[in-house]
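Some notes on the structure that comes next.
Laboratory data are not the source of any read-out in this text; all were calculated from the coordinates shown. Predicted model only: the values in this text are computed from it and were never measured. Because the Cβ atoms are built from the backbone with ideal geometry, glycine has one as well, and the counts that use them run over all protein chains shown.
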Amino acid sequence: MTPVRGKKYSVIWNGLEIPDKNLYHVEDAAVIYCADCREILPDLPKVDLVLTDPPYNAKKDYGVYNDNQTEKEYSEFMIDVACLALEKAGNQFWIAPRYKLEFFQGLLPNNHLIVIRRGAAGPFRGGWSDQFEIALSVGKPSECIPDLWSDIRLKGEGYFFREETYGHPGYTPYPIMARAARILSDHTLIDPFLGSGTTAVAAKQLGRKCIGIEISEKYCEIARKRLAQGVMNLDTPQENKVVKQFSFGDTSKESHA
């Protein structure tokens, strides 16, 4: 990276001017900031895509981040993040909870609903078997693609879900992030809730660049280690084929990704 002349806290990375505060990891394919995304997003450049799976205020244990806020606190937090995200990219792709669908649709104007079908019986909620998850997309994909994704294994499918989750309670399957990155970005994307780094790994695999922000140093380090494992050798750009899913010290697992 090259310091920006006359700007004390800016550097050049892949031709983009980015802040150097709270930088945790830098490489050609990705940068990781360890910070609250609201502190970093205002200083980031415009990119192709914001791709993320935000927290849902579902009382999950993320460590540093409080996932048990009042509804008012959570709503204000997500509105702030969405406003900042929309300033950075015309294309957006957010994994969203079904029980907060109306709220998230209000955050992302002109969104398109994507249904991600669960292949095996899911967890039971109120007497119903959970058979799908959803995502909201803004922007035109690079190819004509169905909005029903039925070829991706989700968490909760027992034996059939064979990805390493790296201990993250809100882990998002790699194929979801890889597909979104492939059809909605050409060069650079931002993930304001990077978690264990799946978006960054997908971007690197696809030859994109990722700016990731994660408030937990624990997950920043996991993301850094995942990026250090290198690019998987795929024969095609498609993400829904059998690929190696590397975990720390174990390269024997395979998953439909």
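Taking amide H positions as modeled 1.01 Å from N, with prolines and chain starts lacking one, the residues under 5 Å from Ala30 and 5 or more places away or on another chain are Cys210. Report, in whole Å, the centroid distance computed from the Cα atoms of region 70-114 and region 194-216. Here the answer is 19 Å between Cα centres. Among 212-223, 187-198, 25-36, the peptide with the highest mean count of other Cβ atoms within 10 Å heads the list, and the full ranking is 187-198, 212-223, 25-36.
Across region 36-128, Cα-Cα pairs farther apart than 16 Å form 62% of the total.
For the pairs Lys88/Lys225; Lys100/Lys225; Lys21/Lys60; Lys59/Lys100; Lys88/Lys204, flag any whose C-alpha to C-alpha distance is greater than 23 Å. Correct reply: Lys88/Lys225; Lys100/Lys225; Lys21/Lys60. Close amide-amide hydrogen proximity is noted between Asp20 and Ser10, Val11, each under 5 Å apart and 5 or more residues distant or on a separate chain (H modeled in the peptide plane; Pro and chain starts excluded). Distances between placed amide hydrogens fall under 5 Å for Ile116 paired with Glu133, Ile134, Ala135, Trp149, all partners being 5 or more residues away or on another chain. The shape of region 26-66 can be summarised by an equivalent ellipsoid whose semi-axes, obtained from the alpha carbon gyration tensor, come to 23, 13, 11 Å from longest to shortest.
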